[in-house]
Amino acid sequence: MFTLPPLPYAKNALEPHITAHTLSFHYDKHHQTYVTNLNNLIANTDFAMLSLDDIIQKTAKLSEYTAIFNNAAQVWNHTFYWESMTPNGGGTPTNDLNDAITRDFGSFDAFRDTFKQAALTQFGSGWAWLVVAHDKTLKIVKTSNAECPITEGMTPLVTIDVWEHAYYLDFQNRRADYTETFLTSLINWHFAESNFEKAKAV
Ligand code: ZN
């Protein structure tokens, strides 16, 4: 049985950027529903013995397991998304991650533009991610619906949820404003840095 992981901050902690109203729906309803659906789908199956990561890896791209994959990956993606934001976030990363961003994107501003472009051009529901790719360089990727870069062997550092349920109550259809706010005021560079250090150690 999986349980909904605790939100790493109070529901009003991201205000005025993301309201408690949005987080109540997004965390209590959407994220909880993915957990509940996953538990129902894997009850009395071999999947019930596996970790969330293993379920995602074993069900990815297999049409008979689409429902399990979608719910498991959405549990994983949302837990990762909550950590990708922090009250008083934004700014720039430090030290090694800052150097790697400059190395692989040319500049921090170029990284920002590429990330925004990925978030904006993800057609329909999905996610934009900063990842460490196979060749150990940083890349920005976008994924549809529940798709998650870990199934491609990439290591996510930070993500933005661009499903409408993530921003519609606060930004309506203005995904560009939501993405800009995410980068300016919410992104958790400490979380990204710690993921980057772990990726380098592998
Ligand atoms: Zn979401």
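The values are calculated or read from the model by the stated rules, or taken from the named source; none is laboratory data. This one's a predicted model, so the numbers in the text were calculated from it and none came from an experiment. Reconstructed Cβ throughout: ideal geometry from the backbone, glycine too, with neighbour counts over all protein chains shown. Accessible surface is based on the protein model in full, side chains and every heavy atom, while ligands, DNA and RNA are left aside. Shrake-Rupley method; radii C 1.70, N 1.55, O 1.52, S 1.80 Å.
Packing-based ranking of 71-84, 143-156 yields 71-84, 143-156, ordered from highest to lowest mean Cβ neighbour count within 10 Å.
Of interest is the spacing of the C-alpha centroids, which for the stretch 48-69 and the stretch 134-184 amounts to 21 Å. Segment Phe123..Thr33, full-extension length gain: 30.1 nm, with 0.36 nm per residue of separation and the alpha-carbon distance subtracted. Across the accessible surface of the chain, with the other protein chains kept in place and a 1.4 Å probe, carbon and sulfur atoms take up 53 percent.
In this rough spin-label picture, where each label sits 7 Å from Cα along the Cβ direction, the Thr92-Leu52 distance is 3.3 nm. Highest mean packing first, where packing is the average number of other Cβ atoms within 10 Å per residue, the peptides 40-50, 118-128 line up as 118-128, 40-50. Think of a 1.4 Å ball rolled over the protein heavy atoms: the chain then has 47 Å² of accessible area per residue. For the stretch 69-95, the residues whose amide N sits under 19 Å from a probe point set 7 Å from the Cα of Asn40 along the beta carbon direction are 69-76. All C-alpha to C-alpha distances of the stretch 20-83, sorted into 10 Å bins beginning at zero, yield P(r) values of 23, 52, 21, 4 percent in whole numbers.
Backbone amide hydrogens, once placed in the peptide plane, bring Leu157 within less than 5 Å of Leu130, Val131, Val132, excluding anything fewer than 5 places away on its chain.
For the pairs Lys136/Lys198; Lys116/Lys139; Lys11/Lys142; Lys11/Lys198, note any where the Cα-Cα span goes beyond 23 Å.
Listed pairs above 23 Å: Lys11/Lys142; Lys11/Lys198.
Considering all C-alpha pairs of the chain, those separated by over 21 Å amount to 51%.
Under 17 Å from a label point 7 Å along Cα→Cβ of Ala176: give me every residue in the stretch 113-148 with its amide N that close. Answer for this model: 113-124. Among the aspartates and glutamates, which fall within straight-line cross-link reach of Lys200, defined as a Cα-Cα distance under 13 Å, with same-chain neighbours fewer than 8 residues apart omitted? Answer for Lys200, where 13 Å is the Cα cut-off: Asp96, Asp135, listed by chain and number.
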